[in-house]
Protein chains: 2
Amino acid sequence: MKAFAALKQRLLEVDDLQGAANVLRWDQATYMPPGGAPARGRQTAALARLAHERLVDAETGHLLDGAAKETASLPFDSDEASLVRVARRSWEQAVRIPAPLVSEFHEHTAASYQAWTEARPQSDFEAVRPTLERTLELSRRMAECFPGYDHIADPLIDFFDYGTKAADVKRLFADLRARLVPLVRAIASRPLADDACLHQPAPEAEQLAFGLEVIRDFGYDFHRGRQDKTPHPFMTKFSLGDVRITTRVRENEFTDSFYSTLHECGHALYEQGINLSYEGTPMATGASSGVHESQSRLWENQVGRSHGFWEHYHPRLERAFPRQMQGVSVDTIYRAVNRVQRSLIRTEADEVTYNLHVMLRFGLELDLLEGKLAVKDLARAWRERFEADFGIPVPDDRRGVLQDVHWFSGPIGGVFQGYTLGNILSAQFHGCAVKAHPGIPDDVRRGEFGVLRGWLRENVHRHGAKFTASELVERVTGGELSIEPYLDYLWGKYRPLYGLREEERQGAGVA
Amino acid sequence: MKAFAALKQRLLEVDDLQGAANVLRWDQATYMPPGGAPARGRQTAALARLAHERLVDAETGHLLDGAAKETASLPFDSDEASLVRVARRSWEQAVRIPAPLVSEFHEHTAASYQAWTEARPQSDFEAVRPTLERTLELSRRMAECFPGYDHIADPLIDFFDYGTKAADVKRLFADLRARLVPLVRAIASRPLADDACLHQPAPEAEQLAFGLEVIRDFGYDFHRGRQDKTPHPFMTKFSLGDVRITTRVRENEFTDSFYSTLHECGHALYEQGINLSYEGTPMATGASSGVHESQSRLWENQVGRSHGFWEHYHPRLERAFPRQMQGVSVDTIYRAVNRVQRSLIRTEADEVTYNLHVMLRFGLELDLLEGKLAVKDLARAWRERFEADFGIPVPDDRRGVLQDVHWFSGPIGGVFQGYTLGNILSAQFHGCAVKAHPGIPDDVRRGEFGVLRGWLRENVHRHGAKFTASELVERVTGGELSIEPYLDYLWGKYRPLYGLREEERQGAGVA
């Protein structure tokens, strides 16, 4: 196993550089003073370039060949054979993109992120238009490094949801949309849930403390992580021993910080649950964006927006915010945190309308990449399509095309579909967990999450990226990704909440 | 200027890696959860190794030769000729030490630091004795990479105070000691100043806010910096646009956080004042340890411990700590922050006794390097010499030989002399500034620091490492480093404070 050992050492060096680059990005988002931006762009780009050079080095190819021979007789799901398989995949993706394009892209996105943080509060799309045009051009050039694709988005999707094709996503989204739209319409015909209890001023320190209390119960390991504040919440990893999350706090919107904390904790539980022996290898990450998102959404929604959850945390919430929660019942909170309303911001959207936000972005991305839509028309196209889908006008670009960080910190294309894949998978995985351990809903009611977390760790987390998303889904569910459990979950929850009638499920009875 | 341009590009790459490594070290000291430690050690070492490899690469030597030819006709103090000169110096220092010795040294000091953090609280010198013996051996081997030295400490001193010889420092320290000891004795014969006002409980947030208010007035640029908390305060730089400081807070010792903030701000003002066109080159740093320390000590002591300073900040201090400062006059504060007392810990020592701490360490270092003193006898030698110098016994090694991190995180030799060189230079530079602008003391009385900072920026800061310490001192003062201004400063301040008599200055009249 000489080649295998040398391969592991080389992958560790690549991983150390990537981990270091993540520290620099985290610092840029949390604490870096504005004056640090120009050098930070260069520094992060330098590390990304060195990691890339070390990975794509011809010697890596030889080591992969040698290690493949050494592990040829091992079973498919042995750690050693899997490492060679997964490493070859990332190597093959990396060797295709020329090093100068990699650094150009990283340097550009650092500047682009900075430009976005300035343009968004001003609602100034024109200020970032040239930046976005360059992002689109660079995204296309990256895709073009993988000739033979069916759709130009496919190579970009491969970076996040390996093996998923734009055509599959389009089909899946069409099916899901056909089933979601009647549900949205039916709920919209009912009176809005009252969520006034969530919009009372709550001090930042108490908001943060309550979120931290809950994720400590979930099992987030603070010895191997911490939470800081950023404008846009995220999870990042510097090593399996250092998996951090961030949140933001709005004084009058308790749930903004709270559910982002639960969400990022879900991501972090995944990374913290990876087999520690995978440290320093490309297996020490999630299987795909979609699977990652399934974990964040599961803890945020299936757990954190359940009635049982609030049965347990209602008294604690009252203790944390005695004035604000006076006379607010469990049912009121439950209805409030599950209020469905067509609204402007994806990250604040309810579970039912959320996927329509994703579909909007995915559609725009495909049109941009295909050349059907120019960046100069993007803000307008956003407003038009949003109004068509949601029936409400977009008052400004801050709450329109500028709301998400993604196009300003990465490629255009490849990332948004993961959110909806995650929603779909969260219901599939949660369903399997409850089937294996029917006591889980009662556990949640008692604030006990060990069995659920243990099942997820055993079936999903520990494998890291050892299996592709579809291999993992097959192992866990015995089948393929399916929208049915997700639609069943939504119907099961929202039918009683909004007093829907069975015939409304398929859009019958709605004008 | 092709070689020159290529050289600058290469130096920028080295600088980016060093800046990135500094981000990782800063994060480790400020926010990193404990679980991050193993990977962080690897990551930082990887960046340091890559920076070193890139610098010592043979191609750097060729570029230096080419750039030297291209800049041969330019004046000595042109930026271009200076860059080639300064870059060659760091390159020549780096290439002399074989790469295996560099990594051996870094690996050893990482382990050594760890051993120290465990041994110090236990006061267990024997636990680190073998570690220190290895450090001494490695320090000697590093020095031996530079044959032809006058004293084996000289090459080590060159890393921190380039061009300064052990023999010069010994002479300087002997002269200074002969003049300081009578002053210390004279003050010790007077009653201790009352500093009870500094030892009242003060909330952390208010302590931090007050320090930040003062350094904002000093001119610390928060657009290009920030302050965080660490167990040991330091200044670090990721680029000229990102120069950070740290402090620690002790509830009952207001001055610990306050003066460390002023001290680190002095270091940071130096770095923030460097000519921005030097970014990414080895000129974008201080001229030497001694010159750097002169800037921190100037703002901490000549400014921050002056009577005029407290005349301005006394009302603000009262506002910040109304309960603690009730009935405390400017004079009481002034006397308290300038209390002189022979004590055990260097970092807590007053201005008068501080240098005796440095001399103790410097003397021990020389004896160790010369082989006159064995590591096994170091703790005993420390106790004996300390008691001889300070007249107080050392109760344990925690407050003796184990108190400073330096010998456990770097070589033995080269670093301590910079503290006293800095004290001496702080008085010389401050004297020159006041000579050029006699209104400076009145400015300080009004909380205005622009003229002083401007003079320092013009005469010291902007040059960065363009000139060596002695070149810079010659340019600024028209002469050499001299202890007279420093002794005049001390005498001028402490004579009235302690009611000393003129004849006590030279030790006359003291038993």
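The values are calculated or read from the model by the stated rules, or taken from the named source; none is laboratory data. All values reported here derive from a predicted model rather than from experimental measurement. Reconstructed Cβ throughout: ideal geometry from the backbone, glycine too, with neighbour counts over all protein chains shown.
What to note about this one:
- Considering the stretch A:208-265, the qualifying strands (runs of 3 or more DSSP E), each wholly inside and each with 2 or more residues that are buried (at least 18 other Cβ atoms within 10 Å of the Cβ) and not assigned by TED's automatic domain parsing to the domain that holds residue A:19, run over A:235-239, A:242-247.
- Filter pass, residue A:129 being charged (D, E, K, R), touching a helix residue (DSSP H, G or I) at 6+ places or on another chain (Cβ under 7 Å) and farther than 24 Å from residue A:39 by Cα: no
- Residue among B:468, B:477 that alone is touching a residue at least 24 places away in the same chain (Cβ under 8 Å), over 20 Å from the mean Cα position of the chain (by Cα) and under 21 Å from residue B:173 (Cβ atoms): B:477
- Among (1) farther than 24 Å from residue B:404 by Cβ; (2) modelled with pLDDT of 95 or more - the single one residue B:257 does not satisfy: (1)
- Reported count of residues in the stretch B:413-429, each being of a type in the set (Ser, Thr, Tyr) and either part of a loop (DSSP other than H, G, I, E, B) or free of Cβ contacts under 8 Å to residues at least 40 places away in the same chain (or both), is 0.
- Selection within the stretch B:5-36 - free of Cβ contacts under 8 Å to residues at least 12 places away in the same chain and touching a strand residue (DSSP E or B) at 6+ places or on another chain (Cβ under 7 Å): B:32, B:33, B:35, B:36
- Members of the stretch A:237-257 that are among the hydroxyl-bearing types (Ser, Thr, Tyr) and away from chain B (no Cβ under 14 Å): A:247, A:255, A:257
- A count restricted to the stretch B:9-38 and to residues that are modelled with pLDDT of 95 or more, within 30 Å of residue A:245 (Cβ to Cβ) and among the hydrophobic types (A, V, I, L, M, F, W, C) stands at 7.
- Residues of the stretch B:66-124 that are among the hydroxyl-bearing types (Ser, Thr, Tyr), under 30 Å from residue B:396 (Cβ atoms) and modelled with pLDDT of 95 or more: B:123 alone.
- The lone exception for residue B:447 - which of (1) in a helix (DSSP H, G or I); (2) closer than 20 Å to residue B:338 by Cβ it fails: (1)
- Which numbered condition residue A:141 misses (of (1) more than 24 Å from the chain's Cα centre (by Cα); (2) in a loop (DSSP other than H, G, I, E, B)): (2)
Here is a yes/no grid of residues against (1) among the small types (Gly, Ala, Ser); (2) within 26 Å of residue B:15 (Cβ to Cβ):
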{"residue": "A:15", "(1), (2)": "no, yes"}
{"residue": "A:37", "(1), (2)": "yes, yes"}
{"residue": "A:48", "(1), (2)": "yes, yes"}
{"residue": "A:57", "(1), (2)": "no, yes"}
{"residue": "A:70", "(1), (2)": "no, no"}
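- Test: residue in the stretch B:163-179 that is more than 19 Å from residue B:289 (Cα to Cα), among the small types (Gly, Ala, Ser), within 24 Å of the chain's Cα centre (by Cα) and surrounded by fewer than 18 Cβ atoms within 10 Å (Cβ to Cβ): yes
- Failed criterion for residue B:337 (all others in (1) β-branched (Val, Ile, Thr); (2) in the same structural domain as residue B:207 (by TED's automatic domain parsing); (3) under 18 Å from the mean Cα position of the chain (by Cα) hold): (3)
Residues checked against (1) of a type outside the set (S, T, N, Q); (2) under 30 Å from residue B:165 (Cβ atoms):
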position	(1), (2)
B:372	yes, yes
B:382	yes, yes
B:398	yes, no
B:406	yes, yes
B:414	yes, yes
B:426	no, yes
B:475	yes, yes
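- Of note, residue A:260 satisfies the criterion of being of a type in the set (Gly, Ala, Ser) and more than 12 Å from every other protein chain (Cβ to nearest Cβ).
- Taken over the stretch B:9-51, the residue count meeting the criterion of being under 17 Å from residue B:230 (Cβ atoms) and not aliphatic (A, V, I, L, M) is 12.
- The set of residues in the stretch A:379-412 being buried (at least 22 other Cβ atoms within 10 Å of the Cβ) and either in contact with a strand residue (DSSP E or B) (Cβ under 6 Å, 6 or more places away or on another chain) or not in a helix (DSSP H, G or I) (or both) consists of A:401, A:402, A:411, A:412.
- Filter result for residue A:132 (in a helix (DSSP H, G or I), at pLDDT below 95 and outside the structural domain of residue A:408 (by TED's automatic domain parsing)): no
- For the stretch B:1-118, the helices (runs of 4 or more DSSP H) that sit wholly inside it and include 3 or more residues that are within 13 Å of another protein chain (Cβ to nearest Cβ) and touching a helix residue (DSSP H, G or I) at 6+ places or on another chain (Cβ under 7 Å) are B:2-30, B:37-56.
- Whichever residue in the stretch B:183-240 is in contact (Cβ under 8 Å) with a residue 12 or more places away in the chain and in contact with a Pro (Cβ under 9 Å, 6 or more places away or on another chain) and, among such residues, is nearest to residue B:502 (Cα to Cα): B:221
- Unique residue being away from chain A (no Cβ under 14 Å), more than 30 Å from residue B:274 (Cβ to Cβ) and part of a helix (DSSP H, G or I) when the list is B:190, B:185: B:185
- On inspection, residue B:371 fails the criterion of being farther than 24 Å from residue B:121 by Cα and either touching a residue at least 60 places away in the same chain (Cβ under 8 Å) or under 25 Å from the mean Cα position of the chain (by Cα) (or both).
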